[in-house]
1. Could you work out the local net charge near residue 177, counting Lys and Arg as +1, Asp and Glu as -1, over the other residues with Cβ closer than 12 Å to its Cβ?
2. Roughly what would the spin-label model give for residue 124 and residue 152, points 7 Å off Cα along C-beta, in nm?
3. Report the FRET efficiency, 1/(1 + (r/R0)^6), for residue 132 and residue 159, where r is their Cβ-Cβ distance and R0 is 30 Å, rounded to 0.05.
4. Any idea how far apart residue 176 and residue 112 come out in nm if each label point goes 7 Å out from Cα toward Cβ?
5. If you take every residue apart from residue 160 with its C-beta less than 14 Å away from the C-beta of residue 160, what net charge results, scoring Lys and Arg +1 and Asp and Glu -1?
6. Which of the trypsin sites (Lys or Arg not before Pro) across region 86-180 are loop residues per DSSP, with 14 or fewer other Cβ within 10 Å?
Amino acid sequence: MARRDPFALVLERYHTLPRSGKWIAVAGTALAGWFILNSWLWPISDKLSNRADNMSAVLERASSRASDLPEAVADHALVLGPNSAPRLEAETKSKLSAAIDATLRKKDIRSYGLDMRPAQALPSSVLPDVAARIGGVMGRLTADLRFEATPEAATAVVAALDADPAVDAISDLRITYRRDTRRVSVQMTVEKWGVMRKSQRGGA
């Protein structure tokens, strides 16, 4: 005997309920959706937003301290290679795009929207001496990502991108729960910071 679609069974059961029962069922579904957002997804959004603010504050503090660094210290930092600030060039954009695609594919999310914005220079007060010695100014590359997934998959994607070395910050995160599909719509902005060549200012 063929198994019936569980959703069809639930829908059939819903139509047999009296009017008061239908209202109770709708209210229960809405409450469940609100609970998911309130106890699970919204706290993640708030945490990532706060983390981006904290990282921005760290950059400002580092800028004020870096101006007093002896030249020998700055030279030593440049020689170490991996400890120097990365450049925001085509390779960085490619790595960020590849990291996003790989993360989504691991959760079987094949359809998504990704808009890569040109790298923009940060305020001149952000690490001016260190950036100048590397040959440019501090900049920020941003990517706007949109996708739909189950709440579990969406949470895993956000956590994975937050931990990925190709991503320096998640500066914006919006999650909308869809009652009809029990899925969530996610809009997020990820950032990669580094040194831009001076010729890149105003675009990449």
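Readers should treat all values here as calculations from the given coordinates under stated rules, not as data from a laboratory. It should be emphasised that the depicted structure is a prediction, and the values quoted were computed from it without experimental measurement. Neighbour counts are summed over all protein chains in view; Cβ atoms, including those assigned to glycine, are modelled from backbone coordinates with ideal geometry.
1. +3
2. Spacing of the two 7 Å Cα→Cβ label points: 5.4 nm.
3. Calculated value: 0.25.
4. 1.9 nm
5. -2
6. Those that pass, being in a loop and sparsely packed, are 110, 179.
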